[in-house]
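Trainee: First the structure, which I've put down as structure tokens, then a few questions once you've had a look.
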Amino acid sequence: MAETKPEETLKLLVGPYYKTSLENARIAMKKQPSVVDARSQTKFILDRVDSLMEMGYIKNKPGPMRSTGACSKQAIAENKALLRPA
């Protein structure tokens, strides 16, 4: 929904889920990739760890398993049929 109806998605999420202004959410949405398989986004994710800690969303930096996508790789390997194009 975020990819196909970004404005509608923001209106649903800002307030109840994201505690920010609609304008700030629009800016963030343009800068943050909206993807299901985020393994290729490791650098992007790790570059934002410090700000997530500052905002109180996380207390500790992720360890190697989380940052390398090992959990995603395992889940994908176990569910290959779900990822085949229609």
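Trainee: With a 1.4 Å probe and all protein chains left in place, how much accessible area per residue does segment 1-70 have, in Å²?
Mentor: Accessible area per residue: 81 Å².
Trainee: Something else: If Lys and Arg each add +1 and Asp and Glu each add -1, what is the summed charge of the other residues whose beta carbon sits under 14 Å from the beta carbon of Leu12?
Mentor: Combined, the nearby Lys, Arg, Asp and Glu give +1.
Trainee: Which of the lysines could a cross-linker bridge to Lys61, judged by Cα under 19 Å and excluding same-chain residues fewer than eight apart?
Mentor: Leaving aside lysines fewer than 8 places away in the same chain, those within reach of Lys61 are Lys43.
Trainee: Here are some values of Cα extents along the principal axes in Å: [x] 35, 25, 18; [y] 39, 36, 20; [z] 55, 28, 21. Which one was computed from this structure?
Mentor: Answer label, from the structure shown: [y].
Trainee: With charges set only on the Cβ (+1 for Lys and Arg, -1 for Asp and Glu), what does the dipole of the chain come to about its Cα centre, in debye to the nearest 20?
Mentor: That gives a dipole near 200 debye.
Trainee: Counting only protein heavy atoms, what percent of the accessible surface of the chain is carbon or sulfur at a 1.4 Å probe?
Mentor: 58
The values are calculated or read from the model by the stated rules, or taken from the named source; none is laboratory data. What you see is a predicted model, and the numbers here were worked out from it, not measured in a lab. Cβ atoms come from the backbone with ideal geometry, glycine included; neighbour counts cover every protein chain shown. Ligands, DNA and RNA are stripped out before the accessible areas are found, and what is left, the full protein with its side chains, is counted by its heavy atoms. Shrake-Rupley method; radii C 1.70, N 1.55, O 1.52, S 1.80 Å.
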